[in-house]
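Engineer: Dropping the structure in here first, questions after.
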Amino acid sequence: MTARRTAAGIVLTVIASLLLTGLAAPAHGHGALDNPVSRLVACGPDGGGDAQSAACRAAVAVSGALPFTNWDNLRVANVGGRDREVIPDGALCSAGLPAYRGLDLPRADWPATRLTPGATFGFTYRETIPHRGTFRLYVTRDSYDPTRPLSWGDLEAKPFLTATDPALTNGAYRMRGTLPAGKTGRHLIYTVWQNSSTPDTYYSCSDVVFAGGPATAAPKPSAAPQEPEPGATTPGPEPSGSAGTAAVRLTAAGGTGDGAPGLAAAVLAAVTGLGGFLLHRRARTQGSGSR
């Protein structure tokens, strides 16, 4: 009995420590389009000079800095492909989430990636927690006016690129596709990532300028490879349940099994699972830190 009480005390102490240190807090985030650079990434911690642009400063003034720190967490649950029904006009870039409303500012000076119409391009979607799902990339119509709020009517009816479960290499999903032909001037690429392994759908707005010359990305600290490299993988099975949470079942005193070993095993499983989950995200975040 003394051993079981001691083990129970250890369990409570460890769990309390986890809660106080934030180890057991839910993890956030999962990804955003990095090339062509999205507004969230451009204005976030890794945006470099882009983050100091007038458009980014205006967005931060509206939304605060926190949403841009959580650049990988712009998602809406249970959309199920009903994007045009769920996401309102004028709020496509924020996906209708008030915390991200600074992304919806209608401006013609958002950091943009220069592209060549009709060229083959390597799209890069940075991830911090891998998921399975389908990417759909839309481009704005020729009548698009960046100084007006973005609506669904501003986008072409069909995506110019669709990719399901693309290869995951170096902390990013990589997709090659043909850019829309006949486009000139400033446009916007709208990325929808509908997960099949979670109920979430992610949204990204990338400002682009179509012109002649090589299809190069906006200035970045380092260039990301666009071809899948050897060892490319697809997302593996995900843990069941909500991200960042762990269920622990303790063996009650007097129940089946030895109470003390059962408690110790439960604590070890909880600590290992939570620690491993957060270390996985931290490693992927650090691995994809430079753009």
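The values are calculated or read from the model by the stated rules, or taken from the named source; none is laboratory data. Every value quoted in this text rests on a predicted model; they were computed, and no experiment measured them. When we count neighbours, we look across all protein chains shown, and the Cβ atoms used for this are built from the backbone with ideal geometry, even at glycine.
Engineer: Which one of ALA95, ALA55, ALA24, ALA99 is modelled with pLDDT under 90 and either surrounded by 14 or more Cβ atoms within 10 Å (Cβ to Cβ) or more than 22 Å from ALA112 (Cα to Cα) (or both)? Break it down into steps so the answer makes sense when it comes.
Structural biologist: Working: ALA95 fails: modelled with pLDDT under 90; ALA55 fails: modelled with pLDDT under 90; ALA99 fails: modelled with pLDDT under 90.
Unique residue meeting the criteria: ALA24.
Engineer: A further question follows. Taking into account only those residues within the stretch 178-215 that are within 18 Å of the chain's Cα centre (by Cα) and closer than 20 Å to ASP109 by Cα, which is modelled with the lowest pLDDT? Let's see the steps before the verdict.
Structural biologist: Start the filter on the stretch 178-215 by keeping residues that are within 18 Å of the chain's Cα centre (by Cα), which leaves 189-207.
Next cut, closer than 20 Å to ASP109 by Cα only: 189-191, 204-207.
On the way: ILE189: 98, TYR190: 98, THR191: 96, SER204: 93, CYS205: 97, SER206: 97, ASP207: 97.
In this case the residue turns out to be SER204.
Engineer: With respect to LEU168, is the statement that it is touching an Asp or Glu at 6+ places or on another chain (Cβ under 8 Å) and among the aliphatic types (A, V, I, L, M) true? Before the answer, list the steps.
Structural biologist: On the way: touching an Asp or Glu at 6+ places or on another chain (Cβ under 8 Å): yes; among the aliphatic types (A, V, I, L, M): yes.
Here the answer is yes, as LEU168 does meet what is asked.
Engineer: Continuing with the same structure: Can we say PHE135 is surrounded by 19 or more Cβ atoms within 10 Å (Cβ to Cβ) and among the aromatic types (Phe, Trp, Tyr)? Reasoning before the result, please.
Structural biologist: Numbers: surrounded by 19 or more Cβ atoms within 10 Å (Cβ to Cβ): yes; among the aromatic types (Phe, Trp, Tyr): yes.
Spelling it out, PHE135 is indeed surrounded by 19 or more Cβ atoms within 10 Å (Cβ to Cβ) and among the aromatic types (Phe, Trp, Tyr).
Engineer: From (1) over 18 Å from THR191 (Cα atoms); (2) in contact with a Ser or Thr (Cβ under 9 Å, 6 or more places away or on another chain); (3) surrounded by 20 or more Cβ atoms within 10 Å (Cβ to Cβ); (4) among the hydrophobic types (A, V, I, L, M, F, W, C), pick out the condition that doesn't hold for ALA119.
Structural biologist: (3)
Rundown of residues vs (1) surrounded by 21 or more Cβ atoms within 10 Å (Cβ to Cβ); (2) of a type in the set (Ser, Thr, Tyr); (3) farther than 19 Å from LEU40 by Cβ, yes/no style:
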site	(1), (2), (3)
GLU127	yes, no, no
LEU179	yes, no, yes
LYS183	yes, no, yes
ARG186	no, no, no
ILE189	yes, no, no
TYR202	yes, yes, no
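Engineer: Can you list residue pairs whose Cβ atoms sit under 7 Å apart, with the first residue in the stretch 201-221 being in a loop (DSSP other than H, G, I, E, B) and the second being of a type in the set (Asp, Glu) and modelled with pLDDT under 95? Count only pairs 6 or more apart in sequence or on different chains.
Structural biologist: Correct list of pairs: ALA218/ASP50.
Engineer: Now, a different point. One residue is enough: does the stretch 216-224 have a residue meeting the conditions touching a Pro at 6+ places or on another chain (Cβ under 8 Å), at pLDDT 95 or above and on the phi < 0 side of the Ramachandran plot? I'd like the intermediate steps shown before the answer.
Structural biologist: Going residue by residue through the stretch 216-224, those that are touching a Pro at 6+ places or on another chain (Cβ under 8 Å) are 217-218.
If we keep only those that are at pLDDT 95 or above as well, we get none.
Taking every residue of the stretch 216-224 in turn, none turns out to be touching a Pro at 6+ places or on another chain (Cβ under 8 Å), at pLDDT 95 or above and on the phi < 0 side of the Ramachandran plot.
Engineer: Within the stretch 111-129, can one find any residue that is farther than 25 Å from ASP165 by Cα and either part of a strand (DSSP E or B) or without any contact (Cβ under 8 Å) to a residue 24 or more places away in the chain (or both)? Walk me through it before giving the result.
Structural biologist: First, pick out the residues of the stretch 111-129 that are farther than 25 Å from ASP165 by Cα: 111-112, 114, 116-117.
Still in the running and either part of a strand (DSSP E or B) or without any contact (Cβ under 8 Å) to a residue 24 or more places away in the chain (or both): 112, 114.
Yes, the stretch 111-129 has at least one match.
Engineer: Here's something else I'd like to know. Find the helices (runs of 4 or more DSSP H) located wholly in the stretch 34-84 whose residues include 1 or more that are of a type in the set (D, E, K, R) and out of contact with any Lys or Arg (no Cβ under 6 Å at 6 or more places or on another chain), and list them.
Structural biologist: Details: elements: 39-42, 54-63, 66-69.
Helices (runs of 4 or more DSSP H) meeting the threshold: 39-42, 54-63.
Engineer: For residues that are modelled with pLDDT of 95 or more and more than 22 Å from ALA91 (Cβ to Cβ), tally how many sit in the stretch 124-157.
Structural biologist: Summing the residues that are modelled with pLDDT of 95 or more and more than 22 Å from ALA91 (Cβ to Cβ) in the stretch 124-157 gives 1.
Engineer: Could you tell me how many of the residues in the stretch 54-70 are closer than 25 Å to HIS131 by Cβ and in contact (Cβ under 8 Å) with a residue 40 or more places away in the chain? It would help to see each step written out before you state the result.
Structural biologist: Let us first name the residues in the stretch 54-70 that are closer than 25 Å to HIS131 by Cβ, namely 63, 66-70.
Narrowing the set further to residues that are in contact (Cβ under 8 Å) with a residue 40 or more places away in the chain leaves 63, 70.
The qualifying residues number 2.
Engineer: Further question: Among the numbered criteria (1) out of contact with any Asp or Glu (no Cβ under 8 Å at 6 or more places or on another chain); (2) at pLDDT 95 or above; (3) surrounded by 18 or more Cβ atoms within 10 Å (Cβ to Cβ), which single criterion is violated by MET175?
Structural biologist: (2)
Engineer: If I filter the stretch 74-91 down to residues being touching a helix residue (DSSP H, G or I) at 6+ places or on another chain (Cβ under 7 Å) and not acidic (Asp, Glu), which single residue comes out as surrounded by the most Cβ atoms within 10 Å (Cβ to Cβ)?
Structural biologist: Taking the stretch 74-91 as the starting set, the residues that turn out to be touching a helix residue (DSSP H, G or I) at 6+ places or on another chain (Cβ under 7 Å) are 74, 76, 79, 84, 89-91.
Now drop any that are not not acidic (Asp, Glu), which leaves 74, 76, 79, 84, 90-91.
Details: LEU74: 26, VAL76: 16, VAL79: 20, ARG84: 12, GLY90: 16, ALA91: 19.
Here the residue is LEU74.
Engineer: Still on this structure, I have one more. For residues in the stretch 158-172 being of a type in the set (A, V, I, L, M, F, W, C) and not in a strand (DSSP E or B), which is modelled with the highest pLDDT?
Structural biologist: Here is the first cut: in the stretch 158-172, the ones of a type in the set (A, V, I, L, M, F, W, C) are 160-161, 163, 167-168, 172.
Subsequent filtering for residues that are not in a strand (DSSP E or B) retains 160, 167.
Numbers: PHE160: 98, ALA167: 86.
Going through the qualifying residues, I end up with PHE160.
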